[in-house]
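K.L.:
Pasting in a structure now, in structure tokens, and then I'll have a few things to ask.
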Amino acid sequence: MSAHGSDRPRVGTVKQITSHSNPIVKEIKGLVGQRKHRAQSGLFVGEGLKLATDALDAGWGVRYLAIGPEARENPHAQQAAARAKARGAMILEISTAVLANITRRDNPQMVVGVFEQKLLEPAAIRPADAQVWIALDHVRDPGNLGTIIRTADAVGASGVMLVGETTDPFAVETVRATMGSLFHVPLVKMSRDAFKAFARNWPGTVVGTHLKGSRDYREVAYKAPTLLLMGNEQAGLPDDMADTCTELVRIPQAGQADSLNLAVATAVMLFEIQRPNLKL
Ligand code: SAM
């Protein structure tokens, strides 16, 4: 489907921009800086040619593709611009200074895209077709969320549920940390109450990770589809969320660290759950 919801490709336009006060530049800066703008517009910003190519390959809508002077000499960037344009995106030929201004970076990427947000409805989740889904309760750190989405992609997880009040999956820092996996991993939002009802009907293992978990995570026979529930960075999993789990496990630690970083703990769990399914 094209960026504007029609199957008929529309040819986009090309616009040169050198002014920092151009209204499109201001619009993109608003998307970078403010969650409110992303929520109102349903758009978000992603940086880099790889990310733009991932978005195009996965069929996500592209509103703008901004390309710097370097990209105009690069055949891969030109190809991405041609594909985006054929889908109705506006191509912005933009100066390096304006790109740096938009992305708040001294060395900006030569390609910056504005994409249409996409979330899966909870009713569209198909546990029967899944090996593992990940649920993150009140995840707060954009870097953690992006890293978890990237890891979910790497292990072939079916998707990530964002439970309760979470950081914005479409924030620039999150998108950056996904390294393009955002476009390949379905995301679902739900409240804690909705999650509890959902988990009660889950057909496989629902495993929560907890520093007070009584079982070693390596001793559990994970029954597919597995639903992996991870706690918030500061507070961990509250009791009512832990109660929805059929297993509560701990990753044993040596040394003085209180706990593992959330993204690291999620990766350790995912590679264990997916161990039988991952082959070199
Ligand atoms: N102070 C928090 C607590 O008491 O749970 C620490 C939270 S930890 C930084 C974030 C999440 O990572 C935890 O809620 C849990 O899901 C997971 N986690 C981190 N280390 C873990 C471990 N050793 N065993 C099990 N889960 C762990």
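K.L.:
Which whole-number percentage describes the relative contact order of the chain, with Cα contacts under 8 Å and a sequence gap of 6 or more?
P.N.:
Details: 553 pairs, mean separation 50.3, N = 280.
Reported relative contact order: 18 percent.
K.L.:
Can I ask one more? Return, for the Cα atoms of region 152-270, the radius of gyration and Dmax in Å, separated by a comma.
P.N.:
Taking only Cα atoms of region 152-270, I get Rg and Dmax of 14.4, 39 Å.
K.L.:
Next question, about the same structure. What is the Cα convex hull volume of the chain when expressed per residue in Å³? Working shown, then result.
P.N.:
Details: hull volume 42.4 nm³, N = 280.
About 151 Å³ per residue, rounded to a whole number.
K.L.:
Considering Cα pairs under 8 angstrom that are at least six residues apart, work out the relative contact order of region 214-277 and quote it in whole percent. Present the calculation step by step, with values, prior to reporting the outcome.
P.N.:
Values: 32 pairs, mean separation 30.4, N = 64.
In percent, rounded to a whole number, it is 48.
K.L.:
Scan around VAL139 for amide H atoms under 5 Å from its own, H built in the peptide plane at 1.01 Å from N, and keep only partners 5 or more places away or cross-chain.
P.N.:
Placed amide hydrogens put VAL163, THR167 under 5 Å from VAL139.
K.L.:
Between ARG104 and ALA221, 0.36 nm times their residue separation minus their Cα-Cα distance comes to what? The partial results should precede the final answer.
P.N.:
On the way: separation 117, 0.36 × 117 = 42.12 nm, distance 4.69 nm.
Extra length available between ARG104 and ALA221 comes to 37.4 nm.
K.L.:
Here's something else I'd like to know. Given the C-alpha centroids of region 158-227 and region 260-280, what is the distance between them in whole angstrom?
P.N.:
13
K.L.:
Over the chain, with a Gaussian network built from C-alpha contacts below 10 Å, which listed residue (LEU119, LEU270, LEU136) shows the highest mean-square fluctuation?
P.N.:
Top of the fluctuation ranking is LEU119.
K.L.:
Would you work out the Kirkwood radius for region 23-141? I mean one over the mean of 1/r across all pairs of different Cα atoms, in Å.
P.N.:
Working: mean 1/r = 0.0641 Å⁻¹.
Answer for region 23-141: a Kirkwood hydrodynamic radius of 15.6 Å.
K.L.:
For an R0 of 51 angstrom, estimate the FRET efficiency from the Cβ-Cβ distance between THR96 and GLU165 and round to the nearest 0.05. Present the calculation step by step, with values, prior to reporting the outcome.
P.N.:
Numbers: r = 38 Å, r/R0 = 0.74.
After rounding, the FRET efficiency stands at 0.85.
K.L.:
Sticking with this structure for a sec: For the charge dipole of region 1-116, defined by +1 on Lys and Arg C-beta atoms and -1 on Asp and Glu C-beta atoms about the Cα centroid, which residue among ILE67, LEU31, ALA52 has the Cα displaced farthest towards the positive pole?
P.N.:
Checked the options; the winner is LEU31.
K.L.:
By a straight-distance test (C-alpha under 14 Å), which aspartates and glutamates pair with LYS15 as possible cross-link partners, with residues fewer than eight away in the same chain excluded?
P.N.:
Within reach: GLU93.
K.L.:
Dipole of the chain, Cα-centred, from +1 at each Lys and Arg C-beta and -1 at each Asp and Glu C-beta, to the nearest 20 debye? All intermediate terms of the calculation are to be shown ahead of the outcome.
P.N.:
Numbers: 32 positive and 28 negative charges, 149 e Å.
Around 720 debye, computed over the chain.
K.L.:
Lysines near LYS36 by alpha-carbon distance under 23 Å, same-chain residues fewer than 8 away left out - which ones?
P.N.:
Filter leaves LYS26, LYS118, LYS189.
K.L.:
By how many nm would the segment from ARG275 to HIS37 lengthen if fully extended, with 0.36 nm per residue of separation less the alpha-carbon distance?
P.N.:
Here the segment from ARG275 to HIS37 would lengthen by 81.6 nm.
K.L.:
Let me ask something additional. Give the percent of DSSP beta bridges with both residues in the chain that are antiparallel, rounded to the nearest 5.
P.N.:
On the way: 11 of 42 bridges.
Percentage antiparallel, nearest 5: 25.
K.L.:
Moving on to the next point. Name the residues of region 190-234 whose amide N is less than 14 Å from a point 7 angstrom out from the Cα of GLN117 along the C-beta direction?
P.N.:
190
K.L.:
To the nearest 20 debye, what is the magnitude of the charge dipole of region 1-147 about its Cα centre, counting +1 on the Cβ of each Lys and Arg and -1 on the Cβ of each Asp and Glu?
P.N.:
Values: 19 positive and 14 negative charges, 93 e Å.
The dipole magnitude comes to about 440 debye.
K.L.:
In Å, the Kirkwood hydrodynamic radius of region 118-209 over pairs of distinct alpha carbons?
P.N.:
Working: mean 1/r = 0.0754 Å⁻¹.
Taking every pair of different Cα atoms in region 118-209, averaging 1/r and inverting gives 13.3 Å.
Throughout, read-outs are computed from the coordinates displayed, never taken from laboratory work. Note that the structure is predicted; figures quoted are calculated from it, not measured. Every residue, glycine among them, receives a Cβ derived from its backbone with ideal geometry; neighbour counts consider all protein chains shown.
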